[in-house]
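Heads up, the thing below is written out as structure tokens.
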Amino acid sequence: MLTEATLIAWLQECGALLQGHFLLTSGLHSDRYVEKFRLLERPQLVGEVCAEIVRRFAGERIDAVLGPAVGGIVLAFETARQLGCRYLFAETEDGRRVLRRGFTLAPDEHVLLVEDVVTTGGSLKETLALAQQRGAHIVGVAVLIDRGETPLQLPVRTEVLARLPLRTFPPDDCPLCRQGVPLQRRGSQR
């Protein structure tokens with residue numbers, strides 16, 4: 001069983017927990033950032049993280065694992081590999097989540113959603129809505145790290161491997177901006 005403390009220790013050892021002034025995908029600013037790819041670039045650790053997701057959903061029928069691009073791709077693939085089912089990912093096109101590349105979801109297909117890091121859960125909620133619009137049966141959601149100030153709330157079973165709340169600020173009321181700390185755009189904001 002993978003504990004939250006162990007996962008956070010791995011993130012620290014990998015250099016994934018950064019301090020500074022960061023623009024998050026949500027548009028908010030933060031004084032800390034989780035550079036998840038420092039963990040996701042290590043296949044052994046990804047395997048262990050996904051084994052924990054599989055353990056938490058043991059006994060559930062899962063036909064496919066779906067993740068939002070980009071970070072969700074790695075976790076969706078490895079989780080599906082361990083479950084012996086297929087995986088797919090949702091991309092953003094014209095400002096909305098879509099299935100491309102021939103991916104489809106059949107009505108009543110049992111789907112597990114996986115995501116790497118959430119702050120507001122926007123990408124994950126869009127992916128969840130996409131799967132529901134296709135008529136999929138959502139088994140649940142697994143999240144590597146919830147960095148939101150308040151815990152992620154979804155209308156389906158949600159398993160969070162680690163809660164790592166970050167202080168966030170709206171761009172027009174950010175103390176780091178007022179102090180002149182340079183803003184870093186990382187991840188999908190680059």
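Each reported figure results from applying straightforward, stated rules to the coordinates on display, with no laboratory input. Note that the structure is predicted; figures quoted are calculated from it, not measured. FYI the Cβ positions are ideal-geometry reconstructions off the backbone, even for glycines, and counts take in every protein chain you see.
Look at His137, His29, His21 and count the other Cβ atoms within 10 Å of each Cβ; fewest to most, that gives His137, His21, His29. If you take every residue apart from Val114 with its C-beta less than 10 Å away from the C-beta of Val114, what net charge results, scoring Lys and Arg +1 and Asp and Glu -1? Net of charged neighbours comes to -4. For helix 122-133, what angle does its Cα long axis make with the longest principal axis of the chain, in degrees from 0 to 90 and rounded to 10? Approximately 20 degrees, to the nearest ten.
Taking a Cβ-Cβ separation under 4.7 Å as the criterion for a possible partner, which cysteines of the chain have none? By the Cβ distance rule, which asks for a partner under 4.7 Å, the isolated cysteines are Cys14, Cys50, Cys85.
Which percent, to the nearest 5, of DSSP beta bridges fully inside the range 4-185 are antiparallel? Beta bridges within the range 4-185, antiparallel portion: roughly 30 percent. Over the chain, dividing the summed -39,500 (n - 2.57) contributions of all DSSP H runs of at least 4 residues by the number of residues returns a 222 nm mean residue ellipticity of -9000 deg cm²/dmol. Taking every C-alpha pair closer than 8 Å and separated by at least 6 residues, the mean separation divided by the residue count of the chain gives a relative contact order of 24 percent.
A simple rule links phi to the HN-Hα coupling: the Karplus curve 6.51 cos²θ - 1.76 cosθ + 1.60 with θ = phi - 60°, which for the range 69-81 gives 5, 10, x, x, 4, 4, 5, 5, 4, 5, 5, 5, 4 Hz, with x for Gly and Pro. Computed over Cα pairs, the Kirkwood radius of the chain leads via Stokes-Einstein (1.002 mPa s, 20 °C) to a diffusion coefficient of 126 µm² per second.
Under 5 Å between amide hydrogens, built in the peptide plane, is the criterion, and for Ala90 it picks out Gly67, Ala69 among residues at least 5 positions away or on other chains. Between the Cα long axis of helix 4-14 and the first principal axis of the chain there is an angle of about 60°, rounded to the nearest 10.
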